[in-house]
Amino acid sequence: MINTAQINIAAMDRFKRLIFQDRLGHAYLLVGPQDSGKTQTALSLAQLVNCEGQGIKPCGLCPPCRKIDSGNHPDVHVMGNDEGESIKIEEIRFLLGRAQLRAYEAKTKVFIIRNIEYMTTDAGNALLKTLEEPSPNTLMVLTTSVPENNLDTIKSRCHIVNFFPTSVNRIVQLLKDEGVKNEDARFLAVYSEGCLGKTRKLIKQEIITERHQVLDELLLNRNNDAFLKDLAQDDQATAQALRLLLSYFRDVLLFKSGVDPKELVHQDRLKELHTFAARSFEDLGLIIRQIVQTKKLVNDKLNVKMSLSLLREHIWGN
């Protein structure tokens with residue numbers, strides 16, 4: 001189901017103007033951070049070009065809009081995932097075969113390929129031919145979070161639509177409207193870097209509870225052997241804890257440099273920030289380097305128990 005709160009309003013307004021002017025292209029590349037609403041916007045665009053409703057479009061109520069919303073439209077195809085799996089040439093060939101067929105019922109066939117940075121070179125070259133010689137009444141919508149990893153030949157044949165972060169205040173208000181406490185909403189808005197989709201994932205991961213547990217254990221409890229032992233046995237939990245810790249010490253450096261506390265991710269923990277900001281830049285640099293080194297060990301699937309213990313010593317100034 002399309003999450004309307006994650007649709008990029010500026011991008012949709014642009015598409016509506018292009019359709020009104022009869023200038024909509026055949027291929028677009030949506031560029032922006034992960035979870036910034038690119039897929040939701042692509043699906044909304046698919047509704048827009050196929051909507052049968054009267055008045056404001058997409059209406060969300062006509063048969064094509066409802067089918068696209070439920071993922072059941074025979075002429076709207078979505079490929080790619082968030083797991084970093086390669087998009088192979090066989091998948092692209094299947095898609096291209098569908099592109100050559102007459103539409104079952106749509107005014108415009110829509111093909112959405114997500115995260116094209118994971119496309120193999122062979123797959124990219126296969127897609128290139130379709131971008132150069134588009135089928136009639138066909139719209140290709142590609143998305144990427146890492147544009148520098150895309151083939152230049154593909155980028156040059158698409159209209160680029162950049163997605164910029166949503167304002168912190170807007171995300172805070174949306175989350176507060178959903179019952180999230182103000183301090184938690186502000187943390188989520190800043191920590192997610194303005195990506196509303198990422199805030200949804202973080203809430204599902206119970207990041208608020210985890211954040212306080214991680215910071216309390218690592219910053220306030222020196223006798224945390226049991227916590228570190230449990231943490232070292234779970235790579236995913238360790239990676240999340242290190243990301244939280246790295247963002248916290250980034251705040252310490254910013255706070256020490258005179259940045260307004262309202263700009264910080266962990267602004268609700270000013271007491272500890274004051275304490276750590278009194279440490280030297282050299283000490284803080286040691287802590288941050290140890291966090292980064294431990295993250296590398298996690299990524300390489302290596303044992304992090306010793307590294308976590310060393311990180312604790314640096315945090316406590318030993």
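Computed values, structure above
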| quantity | calculated |
| --- | --- |
| Every residue from region 133-149 that is β-branched (Val, Ile, Thr) and either without any contact (Cβ under 8 Å) to a residue 60 or more places away in the chain or within 15 Å of Val76 (Cα to Cα) (or both) | Thr138, Val141, Val146 |
| First in region 1-17 and closer than 19 Å to Gly194 by Cβ and touching a residue at least 12 places away in the same chain (Cβ under 8 Å), second anywhere and open to solvent by less than 40 Å² (accessible area, probe 1.4 Å) and among the acidic types (Asp, Glu), Cβ under 9 Å, 6 or more apart | Gln6/Asp35 |
| Qualifying residue in region 194-202 (condition: among the hydrophobic types (A, V, I, L, M, F, W, C), surrounded by 13 or more Cβ atoms within 10 Å (Cβ to Cβ) and farther than 24 Å from Ala11 by Cα) | yes |
| Filter result for Glu210 (closer than 24 Å to Phe187 by Cα, modelled with pLDDT of 90 or more, acidic (Asp, Glu) and surrounded by fewer than 17 Cβ atoms within 10 Å (Cβ to Cβ)) | yes |
| Residue among Phe227, Phe281 that alone is open to solvent by less than 70 Å² (accessible area, probe 1.4 Å) and at pLDDT 90 or above | Phe227 |
| Selected residue (only one of Gly84, Gly55, Gly71 is at pLDDT below 95, over 26 Å from Glu117 (Cα atoms) and either open to solvent by 20 Å² or more (accessible area, probe 1.4 Å) or among the basic types (Lys, Arg) (or both)) | Gly55 |
| Qualifying residues in region 101-121 (those that are aliphatic (A, V, I, L, M) and surrounded by fewer than 20 Cβ atoms within 10 Å (Cβ to Cβ)) - the one nearest to Lys38 (Cα to Cα) | Ala103 |
| Residue that is on the phi > 0 side of the Ramachandran plot and of a type in the set (D, E, K, R), where the choices are Lys301, Lys295 | Lys301 |
| Close pairs from region 112-125: first closer than 15 Å to Leu96 by Cα and assigned to a helix (DSSP H, G or I), partner open to solvent by 30 Å² or more (accessible area, probe 1.4 Å) and of a type in the set (Ser, Thr, Tyr), Cβ under 9 Å, at least 6 apart | Ala123/Ser86; Gly124/Thr153; Asn125/Thr153 |
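The values are calculated or read from the model by the stated rules, or taken from the named source; none is laboratory data. All values reported here derive from a predicted model rather than from experimental measurement. Note that each Cβ is placed from the backbone with ideal geometry, even for glycine, and that neighbours are counted across all protein chains shown. We work out accessible area using only protein heavy atoms, side chains counted, and drop any ligands, DNA or RNA first. Shrake-Rupley method; radii C 1.70, N 1.55, O 1.52, S 1.80 Å.
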